[in-house]
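Presented below is the structure to which this report refers.
The values are calculated or read from the model by the stated rules, or taken from the named source; none is laboratory data. Small disclaimer: the values here were computed from a predicted structure and weren't measured. Positions of Cβ are generated from backbone atoms using ideal geometry, with glycine treated the same way; all protein chains shown enter the neighbour counts.
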Amino acid sequence: MMAASAPGKLILFGEHAVVFGEPALSTAINLRAEVYARPHTEWLVDGASLEESRFRYVKAAVAKAKPDGPLWIEIRSMVPSGAGLGSSAAVTVATLGALHGREGSIEALAIAREAFEVEHEVQGRASPIDTSTASAGGGILVLRQPRDGLLWSIERDKRKWFVHRTALPPLDLVIGNTGISAATGPLVAKVKDRVDRDPRAAEAVRQIGEITLDGVRALQRKDLVAAGKLMDRNHTILTDLGVGHPSLDRLVEAARPSSYGAKLTGAGGGGSIVALTDRPSVTAEAIRAAGGKAFIVQSDSLGVAKLG
Ligand code: MEV
């Protein structure tokens, strides 16, 4: 039996803009996906065909890892899917970890590269932030240039992302899930279309990059008031870019009175918000009262890891 796990992620600043090469900040969270694989007479995932469209990330990961024979793969994930929390990246990375783990130790860089290719193929477009966070764990800062803390760089179509390890102070983060599942690919395509047609959208993407860098500095000097305000601005710009949703606004408004700031996280269009707060249970209660599902999460420093 081969098995590996990988964490989900929260993007604190910079989603969508990072696809265009702007900076973004994320952290792995303590909600993980586990993938188990055992030789079998035919290819199965959770007892169903690998060809089912819900397993397209697993199928693409299998095509990259090229295992010898058919496998029965089982996925156990705490990361809700379509919720902006990196469930497809966590499952892709854990699948690659399980399949490569058979050959010995798991190499996070090799897995991060393959997992990025998988996401790019399945979604049509992607940045490496979700897959690198699931591979490396901890706080991840993606930049246009290399700096101290560089983990690796990943390039595609003349764009190059430098993926860094970044130290974040311990943060109380609350996720508010709208329960509306939204696929990432069409949202990423929608933003690209806007940026291609409207210079104001291109300017919005650039502004998100600046907010991200200001946000990183604010978090590093533990200025949560400033970081929260930047999260609020990031939410407004993402909504103007067309990836908001009334239920995201409702949860953001519910979370803000007890938070430093709140914004949609991940691809948007539904999915989740993240609130930065020092009263996590009050914020979680407010999100629930507004009709969302709330979970209090912590950063997880563990990236892809062999199980057993
Ligand atoms: C999705 O979690 C993050 C996006 O920026 C897409 C990507 O970076 O691949 C929306």
Among the candidates Leu213, Leu264, Leu248, Leu219, residue that is within 15 Å of the ligand (Cβ to nearest atom), at pLDDT 95 or above and part of a helix (DSSP H, G or I): Leu248
Filter the range 114-162 down to residues that are among the β-branched types (Val, Ile, Thr) and surrounded by fewer than 24 Cβ atoms within 10 Å (Cβ to Cβ), then give me how many there are. 2
Kindly provide the set of residues from the range 1-56 that are away from the ligand (no atom under 16 Å from the Cβ) and acidic (Asp, Glu), ordered by number. Glu34, Glu42, Asp46, Glu51, Glu52
Out of Val188, Val163, I need the residue that is in contact (Cβ under 8 Å) with a residue 12 or more places away in the chain and touching a Phe, Trp or Tyr at 6+ places or on another chain (Cβ under 7 Å). Which one? Val163
How many residues does the range 3-37 contain that are assigned to a strand (DSSP E or B) and either free of Cβ contacts under 8 Å to residues at least 12 places away in the same chain or β-branched (Val, Ile, Thr) (or both)? 4
Note on the range 273-308: residues touching a residue at least 60 places away in the same chain (Cβ under 8 Å), of a type in the set (Gly, Ala, Ser) and in a helix (DSSP H, G or I) are Ala284
Restricted to the range 122-144, and to residues that are over 18 Å from Pro23 (Cα atoms) and within 12 Å of the ligand (Cβ to nearest atom), which residue is modelled with the highest pLDDT? Val122
